[in-house]
Amino acid sequence: MKLLTILAVLCLGVWLWRAQRRPSVKDQTPQPGRTQSEQAPHEMVACRSCAVHIPAAEAHVGKLGSYCCTDHLKRSES
């Protein structure tokens, strides 16, 4: 019975310790130095040559579609 009581107290202590370490949802704040637009998901497009997905803002757009680099753009549209 003594061993069972010690085990129960130990489990309660570990549970309380872990509950203190976990940040609550209210305490979570955006990372400093990052704006809301940087945390939002970006629209992704696939390179027409190699099918690698890149953010649409970084894509090289040609007549036939979007490419991941200027080399693929030149090769596909030459």
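Here are some notes:
- Packing-based ranking, highest mean first, of 48-57, 6-15 given that Cβ atoms within 10 Å are counted: 48-57, 6-15
- Backbone HN-Hα couplings from phi across region 62-70 [Karplus 6.51/-1.76/1.60, Hz, Gly and Pro as x]: x, 5, 9, x, 9, 10, 7, 8, 5
- Site pair residue 3 and residue 69 shows an inter-label distance of 6.5 nm when each label is modelled 7 Å from Cα along Cα→Cβ.
Read-outs: derived from the displayed coordinates by stated rules, not from any lab. For clarity, every value in this text was computed on a predicted model and none was experimentally measured. Reconstructed Cβ throughout: ideal geometry from the backbone, glycine too, with neighbour counts over all protein chains shown.
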